[in-house]
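One structure is given below, encoded as structure tokens.
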Amino acid sequence: MRFDVLTLFPDIFQGYFTQSILKLALDAGLVEIHLWNIRDWAKGKHRSVDDRPFGGGPGMVIMPGPVFDAVEKVQKEAAEPGLLILLTPGGERLTQAVVQELASYKRLVLLCGRYEGFDERIRLGLAPRELSIGDFICNGGEVPAMVVIDAVVRYVPGVLGDETSVTEESHSVPGRLEYPQYTRPRVFRDMAVPDVLLSGDHRAIARWRQEQSQSRGKEINTETTLTDIGDNHEE
């Protein structure tokens with residue numbers, strides 16, 4: 001699978017690429033990641049990529065010219081143009097179901113913003129899929145892009161040592177969270193490993209894990225519902 005990341009700060013990604021599962025996937029040739037600096041398509045003496053917003057207001061806005069040129073050039077760098085994704089707080093929420101869908105593509109082109117965001121004509125003209133990793137603001141789209149890559153590569157065949165891992169993880173089924181995990185020692189600070197996990201009865205263990213997973217999911221859903229009710233009451 002191929003990822004192309006368009007950013008004003010490509011160096012942010014360097015350490016991320018050298019660690020853990022992603023590094024192994026890159027070394028094995030299971031995943032390709034290409035970094036592109038949007039500033040390379042900027043024109044003029046100062047190679048500016050941003051300017052003041054029309055109508056006034058704080059901050060700077062990324063201009064459409066360099067972004068259009070960068071995206072159009074990068075999409076031609078492979079046989080498939082890939083799915084263009086704009087990382088933005090106003091986008092569709094990234095969920096496990098969305099991650100699974102993204103993993104079905106052979107190529108993703110991730111567009112990272114900065115400052116006060118993109119000129120609206122970038123969204124209108126390039127028509128990217130807009131994704132958000134949550135209802136909060138990051139300094140730019142680089143960390144959200146890493147989140148997308150980190151989540152999607154787990155579905156690339158061969159990346160995980162045990163292919164069943166993605167089916168048992170939290171959110172593999174909507175609203176379901178992974179069951180509790182234990183390892184040695186058997187007792188730690190008066191907290192003991194549940195007897196069922198030491199029983200050797202695989203059916204009982206599977207049943208216990210399913211019950212725990214369902215229970216955790218219900219707890220989270222209940223907390224979310226109560227929070228929503230409280231918020232609506234305050235409004």
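The values are calculated or read from the model by the stated rules, or taken from the named source; none is laboratory data. Owing to the predicted nature of the structure, the values given are computational and were not obtained by experimental measurement. Reconstructed Cβ throughout: ideal geometry from the backbone, glycine too, with neighbour counts over all protein chains shown. Please note that ligands, DNA and RNA were not included when accessible areas were found on the heavy atoms of the full protein model with its side chains. Shrake-Rupley method; radii C 1.70, N 1.55, O 1.52, S 1.80 Å.
Points worth noting:
- Among Arg186, Arg216, Arg93, residue whose mean-square fluctuation peaks in a GNM of the chain (springs only between Cα atoms under 10 Å): Arg186
- Remark: the chain carries a charge dipole of roughly 620 debye about the Cα centre, counting +1 on each Lys and Arg Cβ and -1 on each Asp and Glu Cβ.
- Residues Phe9 and Val156, FRET efficiency given R0 of 30 Å [Cβ-Cβ distance, rounded to 0.05]: 0.75
- Rolling a 1.4 angstrom probe over the stretch 40-170 with all protein chains present gives an accessible area of which 52% lies on carbon and sulfur atoms.
- With semi-axes defined as the square roots of five times the eigenvalues of the C-alpha gyration tensor, the equivalent ellipsoid of the stretch 79-147 measures 19, 16, 10 Å, largest first.
- The calculated FRET efficiency for Gln210 paired with Arg184, based on their beta-carbon distance and R0 = 25 Å, is about 0.55.
- Cα-only Debye scattering, the chain: base-10 log of I(q)/I(0) at q = 0.08, 0.14, 0.18 Å⁻¹: -0.42, -1.01, -1.34
- For the stretch 34-83: span of alpha carbons on each principal axis (Å, largest first): 42, 25, 15
- Accessible surface computed residue by residue for the chain, with neighbouring protein chains in place and a 1.4 Å probe, gives 61 Å² per residue.
- Lys23-Val143 FRET efficiency (beta carbon distance; Förster radius 22 Å; 0.05 resolution): 0.75
- Kirkwood hydrodynamic radius of the stretch 1-91, from the reciprocal of the average inverse Cα-Cα distance over all distinct pairs: 15.2 Å.
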